[in-house]
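Trainee: Structure below; questions to follow.
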């Protein structure tokens, strides 16, 4: 019976991934109906705290976007890349990494991709190199950003233990950044020089290439407002990180439990929700960010899509796991306990199917916890959830291909031999090796 149930779960995931958008969440809903009403499995439960944190974060992000904060950050990024165009293969992924790290969502790099493509073309650099490295770097940053849905989900798994956001950052920040640079190094000399590339030369001859777009400009008044919104949001991130690093900064309160009064402390999940939802309101008050426009912005749309997807897929996964907990744990416990690295393969494979680091975390990390794997080890394997590059169907990958007017960034003839495979695999392996090394030394 478990194999039929597993086939239903995987089938819903595959169909949902092909539909795209909220299709992943809604198809998982269909799977949940089948598991609960037909097979009689327990309903499980959605990750309420994780969903609450994601909603709070995207509210603040949407307010910042509406006030022009994201445009301002893009403008700064463009200036940075134009200073040393010959180093763009390394500068661009570093910028996109920091950009995603601060914003908490990979979707913000859509604004940077055309800039990277044009700057590299003007510098005579094959755009495939910085574009592929930048997309991979932005994926790496998701598993190190203190406010990304994936990290929020990971921190949620640590609630009640001695480990918290601080440990995730200590392990994953250096591992993901250094692996991003390793990914860039792997493609630094990939392919023919742009001046020798036959596809590019043919496009030049036919006049198919468009002129580079002008740099983004703002009026002095708009720039001041946008800068204020961006700084307010970044300050909120600093506060969140500080609360994670120094738990004593989080307030304590008294609550009545039965006939006794107990003292409790604000959790990191609660702190993130409170701060981010408040920052969204603060940006609206101070920098005239329209609530209506915030609801219609691209960040809010992407965030709501993530919420629906995580709601459906995690709930379905929870139902399947709870209904087959004993059998699953007995079947794989010996293998994973003897060879913990096998769990990294599972995380990577599932992330390919889900196209979401956060959904992968909420689906599979509870299995690792149930198997008794050490939490520092699970944190070290967290970057293995960055498998969305494996199939060239993810949004940022398709965007990078379309923005490269030279035709050097492409999907290969055999589908998997695409421009992002080499830096993606290199970055994945390096990030796991470094994170495991950090755990081995400090934990």
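Trainee: Pick out, from region 248-353, the helices (runs of 4 or more DSSP H) lying fully within it that include 1 or more residues that are modelled with pLDDT of 85 or more and farther than 30 Å from residue 221 by Cβ.
Mentor: Once the helices (runs of 4 or more DSSP H) in region 248-353 are filtered for at least 1 residues that are modelled with pLDDT of 85 or more and farther than 30 Å from residue 221 by Cβ, what remains is 268-287, 298-323.
Trainee: What's the total number of residues in region 76-97 that are part of a helix (DSSP H, G or I) and either surrounded by fewer than 22 Cβ atoms within 10 Å (Cβ to Cβ) or modelled with pLDDT under 75 (or both)?
Mentor: Counting residues in region 76-97 that are part of a helix (DSSP H, G or I) and either surrounded by fewer than 22 Cβ atoms within 10 Å (Cβ to Cβ) or modelled with pLDDT under 75 (or both) gives 13.
Trainee: Does any residue of region 10-22 turn out to be more than 22 Å from the chain's Cα centre (by Cα), under 10 Å from residue 319 (Cβ atoms), assigned to a helix (DSSP H, G or I) and at pLDDT 80 or above?
Mentor: no
Trainee: Just give me the residues in region 200-216 being modelled with pLDDT of 70 or more and exposed (fewer than 13 other Cβ atoms within 10 Å of the Cβ), in sequence order.
Mentor: 202
Trainee: Is it the case, given these coordinates, that residue 247 is more than 22 Å from residue 303 (Cβ to Cβ) and in contact (Cβ under 8 Å) with a residue 60 or more places away in the chain?
Mentor: Working: more than 22 Å from residue 303 (Cβ to Cβ): yes; in contact (Cβ under 8 Å) with a residue 60 or more places away in the chain: yes.
For residue 247, the condition - more than 22 Å from residue 303 (Cβ to Cβ) and in contact (Cβ under 8 Å) with a residue 60 or more places away in the chain - is met.
Trainee: Return only the number of the condition from (1) modelled with pLDDT under 85; (2) within 24 Å of residue 390 (Cβ to Cβ) that residue 131 does not satisfy.
Mentor: Going through the list (1) modelled with pLDDT under 85; (2) within 24 Å of residue 390 (Cβ to Cβ), residue 131 breaks only (1).
Trainee: Based on this model, can you work out whether residue 179 counts as in a helix (DSSP H, G or I) and at pLDDT below 75?
Mentor: No: the conditions fail for residue 179.
Trainee: Here's another thing I want to ask about it. Every residue in region 364-416 that is modelled with pLDDT of 80 or more, part of a loop (DSSP other than H, G, I, E, B) and under 16 Å from the mean Cα position of the chain (by Cα), please.
Mentor: If the condition is that a residue be modelled with pLDDT of 80 or more, part of a loop (DSSP other than H, G, I, E, B) and under 16 Å from the mean Cα position of the chain (by Cα), then 386, 387, 388, 389, 390 are the ones that fit.
Trainee: Regarding region 217-237, can at least one residue be identified that is surrounded by 13 or more Cβ atoms within 10 Å (Cβ to Cβ), modelled with pLDDT under 85 and not in a helix (DSSP H, G or I)?
Mentor: Taking every residue of region 217-237 in turn, at least one turns out to be surrounded by 13 or more Cβ atoms within 10 Å (Cβ to Cβ), modelled with pLDDT under 85 and not in a helix (DSSP H, G or I).
Trainee: OK, next. Go through region 402-420 and count every residue that is without any contact (Cβ under 8 Å) to a residue 60 or more places away in the chain and either touching a helix residue (DSSP H, G or I) at 6+ places or on another chain (Cβ under 9 Å) or buried (at least 24 other Cβ atoms within 10 Å of the Cβ) (or both).
Mentor: 4
Trainee: Hey, another quick one. Kindly indicate whether residue 100 is at negative phi, buried (at least 24 other Cβ atoms within 10 Å of the Cβ) and in contact with a helix residue (DSSP H, G or I) (Cβ under 6 Å, 6 or more places away or on another chain).
Mentor: Values: at negative phi: yes; buried (at least 24 other Cβ atoms within 10 Å of the Cβ): yes; in contact with a helix residue (DSSP H, G or I) (Cβ under 6 Å, 6 or more places away or on another chain): yes.
Taking the combined requirement at face value, the residue satisfies it.
Trainee: Which condition does residue 162 not pass, out of (1) within 20 Å of residue 250 (Cα to Cα); (2) surrounded by 22 or more Cβ atoms within 10 Å (Cβ to Cβ), if it passes all the others?
Mentor: Failed condition: (2).
Trainee: Right, next: Condition (residue is under 19 Å from the mean Cα position of the chain (by Cα), surrounded by 14 or more Cβ atoms within 10 Å (Cβ to Cβ) and assigned to a helix (DSSP H, G or I)) applied to region 26-41: is it met by at least one residue?
Mentor: We begin by selecting, within region 26-41, every residue under 19 Å from the mean Cα position of the chain (by Cα); these are none.
The answer is no, given that none of the residues of region 26-41 is under 19 Å from the mean Cα position of the chain (by Cα), surrounded by 14 or more Cβ atoms within 10 Å (Cβ to Cβ) and assigned to a helix (DSSP H, G or I).
Trainee: Moving on. Look at residue 156 and say whether it is in contact with a helix residue (DSSP H, G or I) (Cβ under 9 Å, 6 or more places away or on another chain), farther than 22 Å from residue 400 by Cα, surrounded by fewer than 24 Cβ atoms within 10 Å (Cβ to Cβ) and touching a residue at least 60 places away in the same chain (Cβ under 8 Å). So that I can check it myself, show each step before the final result.
Mentor: On the way: in contact with a helix residue (DSSP H, G or I) (Cβ under 9 Å, 6 or more places away or on another chain): yes; farther than 22 Å from residue 400 by Cα: yes; surrounded by fewer than 24 Cβ atoms within 10 Å (Cβ to Cβ): yes; touching a residue at least 60 places away in the same chain (Cβ under 8 Å): yes.
Considered against the rule, which asks whether it is in contact with a helix residue (DSSP H, G or I) (Cβ under 9 Å, 6 or more places away or on another chain), farther than 22 Å from residue 400 by Cα, surrounded by fewer than 24 Cβ atoms within 10 Å (Cβ to Cβ) and touching a residue at least 60 places away in the same chain (Cβ under 8 Å), residue 156 comes out as yes.
The values are calculated or read from the model by the stated rules, or taken from the named source; none is laboratory data. Values in this document were obtained by computation on a predicted structure and should not be read as measured data. No Cβ is skipped: glycine too gets one built from the backbone with ideal geometry, and neighbour counts run over all protein chains shown.
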